[in-house]
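Following: one structure in structure tokens, then a few remarks.
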Amino acid sequence: MQSNETNKNLKRARSGSFEADTDTDMPAGTDSSVVVVGDGDGDGDGDDCLCCFDVEEIVQYPLPGYAAAPLSISFSPDDALIAYLYSPDSTLSRKVFGFDVASCKHELVFSPPDGGIDETNISPEEQLRRERLRERWLGVTRYEWVKSCSTTKRIMVPLPAGIYIHDLSSSKTELKLPRGSLSPIIEPHLSPDGTMVAYVQDKELHVLNLSTGQTKQLTFGAEGNYLSHGLAEYIALEEMDRKSGYWWSPDSKYIAFTRVDSSQVPPFRIMHHGKSSVGSDAWEDHAYPFAGALNVKVRLGVVSSSGGPVVWMDLFCGDESDGDEEYLARVNWMPRNALSAQVLNRSHTRLKLLKFDIKTGRRNILLLEENEVWINLHDCFTPLDKAIPGGFVWSSEKTGYRHLYLHDMYGACLGPITDGEWIVEQIAGVNETAKLVYFTGTMDGDLGSNLYCTRLIPDKTQKLKAPKRLTHGKGKHAVVLDHQMQKFVDVHDSLDSPPRVYLCSLQDGSLLNPVYEPPPIIPRFERLQLMPPEIIQVSAKDGSVLYGVLYKPDAKRFGPPPYKTCISVYGGPGIQIVSDSWANSVDMRAQYLRSKGILVLKLDNRGTIRRGLTFESCLKYNMGQVDAEDQHTGAEWLIKQGLSKAGRIGVYGWSYGGYLSAILLAKFPDTFRFAVSGAPVSSWDGYDTFYTEKYMGLPSENPEGYEESSVMHHVGNMKGKLLLVHGMIDENVHFRHTARLVNAIIAASKPYELLVFPDGRHMPRRLRDRIYMEERIIEFIERNF
């Protein structure tokens with residue numbers, strides 16, 4: 001229900017959002033007030049009141065301020081060009097553009113000859129990968145630089161028609177590998193030396209030699225729907241944020257890959273009830289491991305990129321009765337072709353960092369991480385070659401906050417690199433020569449993100465020095481460092497400013513050149529007279545500070561409070577909804593409701609991320625309890641402030657938010673008048689192993705917790721109105737959840753309303769479906785106040 005980080009999706013988007021997370025900020029001294037809004041008197045002086053806009057505006061993508069913002073930013077191998085995905089017509093369809101660092105000029109680099117990706121020309125396998133990645137963009141969705149000793153700049157672009165290589169100097173585009181008539185080309189990646197492309201087809205790993213055009217199959221033996229090579233399994237994609245099933249060695253001579261065997265996972269069949277046909281194309285089967293059941297078996301092998309026998313590493317994930325090595329979480333190559341893997345136990349309390357000899361498959365344990373709460377996976381593992389030969393940088397939450405630590409070649413910890421009551425999010429880069437590490441984190445506030453620099457090898461005789469902040473301006477920064485460690489791209493946004501992109505010095509963070517600046521007025525934002533929400537703080541019952549954003553109706557138009565109120569809820573682990581980010585300013589449903597005189601609150605309860613492990617771990621064995629309690633505390637705060645009235649508050653949410661919406665209606669019937677529950681997990685025994693067991697344990701070991709956390713256990717208390725919304729071919733939160741909940745509601749003789757989308761997955765994609773859904777949801781909300 002949980003990526004270059006600049007365009008990381010709000011993954012774990014059980015929140016239902018497919019919008020790209022550009023999470024970004026601006027240099028100090030720059031005016032962030034770029035949006036003109038009104039204040040209510042209609043005199044044209046910029047103070048006109050909020051108007052009510054059409055429901056269709058809620059579902060239009062891209063959102064205001066995101067239409068022209070660059071995505072997938074990267075430096076060319078020589079750092080002379082900054083490439084990015086951009087839509088000249090401000091639609092979802094993107095092309096590859098470039099920014100010349102010397103001349104500061106932008107140019108079109110690559111335009112897909114066939115229009116690129118749309119929702120109709122991709123295979124079922126690719127459609128499901130887009131669901132896992134929460135990907136909405138069209139046209140070109142990714143590209144890679146071809147690294148070689150040549151001065152020629154080339155990129156590889158995978159499209160539905162096949163794999164293209166584009167030469168920037170000659171503007172020549174060549175279709176190197178056309179797609180076959182039957183099976184798609186999945187997950188193509190260039191070799192580090194730029195001479196080959198690896199890809200998966202028919203569930204086997206292949207390579208394409210770019211010079212000769214010859215292809216070679218490297219793995220064999222894939223069978224039916226249960227055995228594959230080189231593909232990430234469902235759990236890896238959906239829950240572990242591991243998107244790949246194979247990895248090139250640094251010297252391009254080898255490829256490590258996974259062998260996934262799902263034969264011990266009974267297929268879960270999803271029927272396409274909306275189709276007119278009744279044959280085999282009217283259903284789909286998924287190897288979906290339910291909580292408490294068996295997982296897929298995963299092995300790790302290494303094969304020469306020129307072909308030959310496979311060497312299997314001494315690792316059998318999902319194949320041990322004690323669950324000590326259940327999940328293959330991460331795979332990384334280290335210097336001199338050593339292979340490492342992070343392996344997690346089933347209860348998420350023990351993580352092993354293993355190092356393999358790829359000639360023999362033998363292994364040794366470099367590091368053992370243990371935590372009685374749980375271990376959160378990360379991408380901070382960074383092998384070192386010069387500063388500490390064979391050593392590595394690692395991140396751990398052993399102090400309660402994620403920080404960086406230096407380890408030697410044997411795995412021994414040499415000491416902390418960072419510390420304090422804040423978290424490190426990602427390592428942006430390591431300069432081994434200068435012995436500096438660059439990272440993003442929350443040292444300057446929980447609701448923002450900044451780039452920092454600190455010493456890679458701290459002086460053991462001195463107290464750790466505070467890291468140096470390199471980004472400026474409030475809000476969130478996502479960064480991309482150049483290869484020479486001289487410059488970085490800063491993508492920055494805040495509640496007051498849509499994404500903007502700057503080229504900055506890595507020495508002191510100073511502005512070198514603007515790469516992209518939004519217009520001084522965002523036409524759609526101004527036309528709809530939107531206003532950024534207000535950040536608030538609420539005290540939880542244990543004294544914890546809870547952050548919220550408040551969308552208040554205009555008092556000049558709607559009078560003083562109390563107002564009709566909706567709480568927009570997600571509340572699940574792995575996501576922070578409330579932040580100083582433009583995404584909250586363009587929450588179009590919240591803005592629409594505010595324009596109708598309805599107050600909206602979004603609150604991050606205990607259990608959400610970026611606040612430290614103690615705050616996050618309140619959710620352990622407490623799903624539907626501490627999170628629901630905090631959301632109710634938010635409602636009580638509104639009542640005490642005189643902004644709302646008990647019994648005049650509704651709640652809506654999607655996925656985990658849909659679950660919480662329904663359980664809030666049942667647990668607090670005198671506070672909440674209605675709930676819109678989208679794609680809810682009605683009972684955690686019906687969700688997947690990795691996510692559910694991390695927070696709730698095994699069903700056999702925590703039966704009371706599973707029962708108490710089930711919505712069905714509480715429906716007898718419901719007094720208010722409930723609207724259930726669900727896609728019938730949702731392969732993430734199955735429609736079965738809603739069906740089981742409906743049975744419980746009927747047994748309790750409670751009323752409900754149901755809105756289904758026969759062709760919808762975890763979130764409707766078709767425009768007409770999204771418009772229809774919003775119309776029905778808004779009508780339900782207005783009718784039930």
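The values are calculated or read from the model by the stated rules, or taken from the named source; none is laboratory data. Predicted model, so just to flag it, every value in this text is computed and none were measured. Here the Cβ positions follow ideal geometry from the backbone for every residue, glycine too, while neighbour counts run over all protein chains shown.
I want to confirm something. Restricting to segment 110-135 and keeping residues that are under 13 Å from HIS762 (Cβ atoms) and not acidic (Asp, Glu), which single residue is surrounded by the fewest Cβ atoms within 10 Å (Cβ to Cβ)? Among those residues, the one meeting the criterion is GLN127. The single condition among (1) assigned to a loop (DSSP other than H, G, I, E, B); (2) touching a Leu at 6+ places or on another chain (Cβ under 8 Å); (3) among the aromatic types (Phe, Trp, Tyr) that PHE488 does not satisfy is (1). Checking the stated criteria, ARG242 turns out not to satisfy the condition of being more than 23 Å from TRP312 (Cα to Cα), out of contact with any Cys (no Cβ under 7 Å at 6 or more places or on another chain) and either at pLDDT below 95 or not hydroxyl-bearing (Ser, Thr, Tyr) (or both).
Among the numbered conditions (1) at pLDDT below 95; (2) closer than 30 Å to TYR234 by Cα, tell me where SER171 comes up short. So SER171 meets the others, but not (2). What's the number of the condition SER244 fails, among (1) under 25 Å from GLU187 (Cα atoms); (2) in contact with an Asp or Glu (Cβ under 9 Å, 6 or more places away or on another chain); (3) loosely packed, with under 14 Cβ neighbours inside 10 Å? Of (1) under 25 Å from GLU187 (Cα atoms); (2) in contact with an Asp or Glu (Cβ under 9 Å, 6 or more places away or on another chain); (3) loosely packed, with under 14 Cβ neighbours inside 10 Å, only one is false for SER244: (3).
Restricting attention to segment 245-285 and to residues that are within 19 Å of GLU126 (Cα to Cα) and among the aliphatic types (A, V, I, L, M), the residue that is modelled with the lowest pLDDT turns out to be ALA282. Counting only strands (runs of 3 or more DSSP E) that sit wholly inside segment 240-324, those with at least 3 residues that are among the aliphatic types (A, V, I, L, M) are 254-261, 297-304. For segment 582-623, filtering for residues that are in a loop (DSSP other than H, G, I, E, B) and closer than 15 Å to LEU550 by Cβ leaves 3. Taking (1) under 17 Å from ILE82 (Cβ atoms); (2) touching a Leu at 6+ places or on another chain (Cβ under 8 Å) in turn, GLU107 satisfies each apart from (2). Within segment 149-168, not a single residue is assigned to a loop (DSSP other than H, G, I, E, B) and touching a Phe, Trp or Tyr at 6+ places or on another chain (Cβ under 6 Å). Scanning segment 169-181 for residues that are assigned to a loop (DSSP other than H, G, I, E, B) and more than 30 Å from the chain's Cα centre (by Cα) yields a count of 5.
Considering each of GLN529, GLN576, GLN537 in turn, give the residue that is in a loop (DSSP other than H, G, I, E, B), surrounded by fewer than 23 Cβ atoms within 10 Å (Cβ to Cβ), among the polar types (S, T, N, Q) and touching a strand residue (DSSP E or B) at 6+ places or on another chain (Cβ under 9 Å).
So the residue among GLN529, GLN576, GLN537 that is in a loop (DSSP other than H, G, I, E, B), surrounded by fewer than 23 Cβ atoms within 10 Å (Cβ to Cβ), among the polar types (S, T, N, Q) and touching a strand residue (DSSP E or B) at 6+ places or on another chain (Cβ under 9 Å) is GLN576.
All of (1) within 30 Å of SER277 (Cβ to Cβ); (2) in a loop (DSSP other than H, G, I, E, B) hold for ASP769 with one exception: (2). Exactly one residue among GLU233, GLU204 is buried (at least 21 other Cβ atoms within 10 Å of the Cβ) and either out of contact with any Asp or Glu (no Cβ under 7 Å at 6 or more places or on another chain) or aromatic (Phe, Trp, Tyr) (or both), and that residue is GLU233. The set of residues in segment 136-175 being of a type in the set (D, E, K, R), touching a Lys or Arg at 6+ places or on another chain (Cβ under 9 Å) and buried (at least 17 other Cβ atoms within 10 Å of the Cβ) consists of ARG136 alone.
Checked against the criterion of being crowded, with 21+ Cβ neighbours inside 10 Å and either acidic (Asp, Glu) or assigned to a loop (DSSP other than H, G, I, E, B) (or both), segment 86-106 has at least one qualifying residue. Can you work out which of the residues in segment 277-313 that are touching a Phe, Trp or Tyr at 6+ places or on another chain (Cβ under 9 Å) and of a type in the set (S, T, N, Q) is farthest from TRP247 (Cα to Cα)? So the residue we want is ASN295. For segment 547-565, check the following and say yes or no: at least one residue is part of a loop (DSSP other than H, G, I, E, B), surrounded by fewer than 19 Cβ atoms within 10 Å (Cβ to Cβ) and within 29 Å of the chain's Cα centre (by Cα). Yes, because at least one residue in segment 547-565 is part of a loop (DSSP other than H, G, I, E, B), surrounded by fewer than 19 Cβ atoms within 10 Å (Cβ to Cβ) and within 29 Å of the chain's Cα centre (by Cα). Note on segment 634-669: among residues that are among the β-branched types (Val, Ile, Thr) and more than 28 Å from the chain's Cα centre (by Cα), the one that is farthest from SER683 (Cα to Cα) is ILE639.
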